[in-house]
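Right, one structure below, let's go through it.
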Amino acid sequence: MQHGKFIMSGSVLSNLEVREGHFLMSLCLPPEFASPLPGQFAMIRLKNRKDLLLGRPFSISGFHRHEGHVQIEILYRIAGQGTRLFAQLRMGDQVDLLGPLGHPFEISRSTKKVILVSGGMGIAPIRYLLAYLRTNRFDPAPSVDFYMGAKTADELLELDNIRPSCDSLQVCTDDCSMGHHGFVTEPLEKGLKHYPLKDTLICACGPLGMIRRLSELLVKYPVACQVSLEERMACGLGACLGCAVAVRGQNGERQYQRACHEGPVFNLRDILWE
Ligand SMILES: Cc1cc2nc3c(=O)[nH]c(=O)nc-3n(C[C@H](O)[C@H](O)[C@H](O)COP(=O)(O)OP(=O)(O)OC[C@H]3O[C@@H](n4cnc5c(N)ncnc54)[C@H](O)[C@@H]3O)c2cc1C
Ligand code: FES
């Protein structure tokens with residue numbers, strides 16, 4: 001699903017280091033930027049940098065429409081050369097941006113409970129999804145339970161802002177520095193034993209290992225689940241086929257779909273792991 005994508009110039013409003021190596025960047029864009037749906041992303045490129053030709057994909061983590069301009073928020077961590085340069089951006093610096101791109105999370109109006117699951121930087125799109133669920137688009141609003149995991153307590157980004165928006169929040173850390181010690185799928189399994197599975201939707205984003213564990217777990221629980229996959233991407237436009245994901249076609253046959261175009265949000269049960 002595409003919602004009017006454009007390449008446009010944006011300027012940096014702020015680029016704050018919220019935790020070591022993790023940044024929250026706000027960008028000011030022209031009002032023509034289409035309102036994104038949660039799960040959609042943007043390809044962002046540094047302006048006038050010949051050493052970084054390709055844009056980098058980032059989930060839309062926040063969005064606000066103001067009089068005369070829009071503001072988007074990108075939550076990111078330094079992973080390599082590109083994000084290291086992004087971290088040096090200052091107020092007023094210019095970027096080129098293409099978006100909103102990709103297929104978003106789809107929440108039907110009959111959904112009564114949404115279970116959010118994030119691992120590490122998977123919090124970026126889930127943060128926007130949570131804010132979206134708390135707007136008046138949903139009446140009655142679904143209840144939201146959040147299972148949020150990270151390696152350490154320090155990497156549980158935006159925790160204080162997220163907590164008041166959820167009906168329940170379970171945090172998990174790999175090093176036992178906060179909450180449940182271990183994978184986010186462990187407390188989730190306990191919860192699933194008590195949830196009504198009909199009219200419940202799980203929306204998840206995180207490392208591939210977490211998504212895979214989720215798919216193993218949900219063999220036992222017939223609950224709908226959509227996941228955002230952060231495949232490596234080059235063009236972001238469906239042209240280079242560099243982001244192919246193996247999925248089950250309508251007749252059960254193996255197919256490849258592009259994470260940047262048919263994804264990044266997929267039905268978990270469509271993904272083929274072998
Ligand atoms: C749809 C989508 C949304 C994304 N949203 C976010 C976001 O909101 N916040 C955020 O911090 N990151 C996000 N990413 C990942 C982000 O795009 C990469 O971290 C970034 O492109 C790395 O660029 P680089 O030049 O710094 O690192 P590179 O030098 O290109 O890579 C450095 C290291 O990161 C690894 N890497 C690169 N891309 C990915 C990837 N897609 N997934 C896992 N590992 C990768 C490489 O294997 C390498 O080890 C998203 C990716 C996709 C596809
Ligand atoms: S990144 Fe080129 S087709 Fe998806």
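Values in this text are rule-based calculations from the coordinates and carry no lab data. Keep in mind it's a predicted model, so treat the numbers as computed, not measured. All Cβ positions, glycine included, derive from the backbone under ideal geometry; neighbour counts span all protein chains shown.
How far apart, in nm, are two points set 7 Å out from the Cα along the Cα-to-Cβ line at D51 and at Q250?
In this crude spin-label approximation the distance works out to 5.0 nm.
Tell me, for the chain, which Cys residues have no other cysteine's C-beta sitting closer than 4.7 Å.
C28, C166, C172, C176, C203, C205, C225, C243, C260
Among V114, V223, rank each residue by its count of other Cβ atoms within 10 Å, from fewest to most, as a rough exposure measure.
V223, V114
Quick one: which residues, 5 or more positions from S14 or on another chain, have an amide H under 5 Å from its amide H? H modelled 1.01 Å from N in the peptide plane, none for Pro or chain starts.
S26
Rounded to the nearest 20 Debye, what is the dipole magnitude of segment 84-202 about its Cα centre when Lys and Arg each give +1 and Asp and Glu each give -1 at the C-beta?
380 debye
Work out the length of the dipole vector of the chain about its Cα centre, built from +1 on the beta-carbon of each Lys and Arg and -1 on the beta-carbon of each Asp and Glu, and round it to the nearest 20 debye.
380 debye
L13 versus R84, label points 7 Å from Cα toward the beta carbon: distance in nm?
Roughly 3.0 nm, to one decimal.
In whole angstrom, how far apart do the alpha carbon centroids of segment 153-173 and segment 208-232 sit?
Centre-to-centre (Cα) distance: 20 Å.
Before rounding to the nearest 500, sum -39500 (n - 2.57) across all DSSP H runs of length at least 4 in the chain and divide by the residue total; then give [θ] at 222 nm in deg cm²/dmol.
So the calculated ellipticity at 222 nm is -4000 deg cm²/dmol.
Looking only at A150, A141, A42, which one moves most when the chain is put into a Gaussian network model with springs between Cα atoms under 10 Å?
Comparing A150, A141, A42 in a Gaussian network model of the chain, the most mobile one is A141.
When only Cα pairs under 8 Å and 6 or more residues apart are kept, what is the percent relative contact order across segment 1-86?
28 percent
Using a simple charge model, +1 on the beta-carbon of Lys and Arg, -1 on the beta-carbon of Asp and Glu, nothing else, what dipole does segment 1-130 show about its Cα centre, in debye to the nearest 20?
Dipole magnitude for segment 1-130 comes out near 260 debye.
Taking the chain as a Gaussian network, Cα atoms linked when under 10 Å apart, which of E230, E17, E262 shows the biggest mean-square fluctuation?
E17
Nearest 5 is fine: what % of DSSP beta bridges in the chain come out antiparallel, could you say?
60 percent
Amide H of A224 versus every other amide H placed in the peptide plane: which residues, excluding those fewer than 5 positions away on the same chain, fall under 5 Å?
Close amide H contacts, sequence-distant or interchain: T200, I202.
Want the number for K193 to S35: 0.36 nm per residue separation, take away the alpha-carbon distance, what's left?
53.2 nm
Can you list the lysines whose alpha carbon sits under 26 Å from that of K193, skipping same-chain ones fewer than 8 residues off?
K112, K113, K151, K220
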